[in-house]
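Right, one structure below, let's go through it.
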Amino acid sequence: MPMASGGYKTTTQRQNHCHMTSNNTQNNEPHQTTEEIPLPPPESEVTLANLAIPLGETILTLSADGRPIYGILQRSRAMTAQSDYFRLQFRGYARSDGAHWQPLEGDDSRFHAVYNLAWVRVDRPSKSVTFGPKSGVQASPGLDGSGLDAYLFASVIAWAKGVCPEFAINPGMVTMGQTHSEEERLRCHAFYAGQGFQFEWQDPAQRTALYFKDKVSKLLGVWNKEAVKEFGGEEMLKTLAGQDEARAELQQQLDKLESAHDSMKRALQKEKSTSQILTGVLILAAIFAIWAVI
């Protein structure tokens, strides 16, 4: 598995070194060696995360248990002379249950340092990338099974493939909990293998594993597009326009019902008045009839 670290020579340095050795051998002169320049250590992802500037936000819809979840996806990036850092973070807003919205709370509803995020750090001197977080891409408990983790991981992979496809990948390590089932191990393996990584358990109990690949371009960057969808600005405008049209139609129906109600009320009032007049006339007629008899 590729581990891009340590010193290196450029192709020109190696060629010049060979040329100097050949000439010195022919002239019987002592040759000079070119010392390898040590590479600087990679910059900390914590430092880069603090430098990251938001690039924009998008609304995501997640399909979980047949009830859509809406939330905010934030993209951010930090660039230094040595590194390029790209990060995605998601915070849930609410779960829709028909006509009712249930606001999300806790880890599901905030930008988190462990859950619902993925990042990639590009180290230019070593021409390598590192994916994170170090504990692995994880959805918060309330969003588990929604496909969010695969979407985040696939998105940073797709970004890296567009920026540095020929760079090497530093292996990552994942650790399972003290108690885990065979199904959880299979899911973990499938998660990384599904993005094109090689995956190897490092101990008989299968609690720790390495995921690795030699080159960024060989990764996949795929997710279930039916489970996770970006809700863009145009779609938002269409939805708002549709809601306005539906609201206007409902208002027209309400106006018609109110008009019909008023008409019926006036008719009833008229009928009531007529009945009162007829009753009065009948009473008078009865009184006159009684007087006539007397």
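Any read-out appearing in this document is the output of simple, stated calculations on the displayed coordinates, not a laboratory observation. Model, not experiment: these values are computed from the prediction. Note: ideal-geometry Cβ built from the backbone for every residue, glycine included; neighbour counts use all protein chains shown.
So the values come out like this:
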{"quantity": "Ala227-Glu271 pseudo-label distance in nm [points 7 Å out on the Cα-to-Cβ vector]", "calculated": "6.2 nm"}
{"quantity": "Tyr70 versus Glu245: modelled label distance in nm, points set 7 Å from Cα along the beta carbon direction", "calculated": "1.9 nm"}
{"quantity": "Protection proxy ranking of 125-132, 169-176, 84-91 - average other beta-carbon atoms within 10 Å, highest first", "calculated": "84-91, 125-132, 169-176"}
{"quantity": "Selection of GluC sites (Glu not before Pro), segment 147-228, meeting DSSP coil and at most 12 other Cβ within 10 Å", "calculated": "Glu166, Glu226"}
{"quantity": "Global form of segment 45-231, assessed from the alpha-carbon gyration tensor, a/c cut-off 1.5", "calculated": "oblate"}
{"quantity": "Global form of segment 140-294, assessed from the alpha-carbon gyration tensor, a/c cut-off 1.5", "calculated": "prolate"}
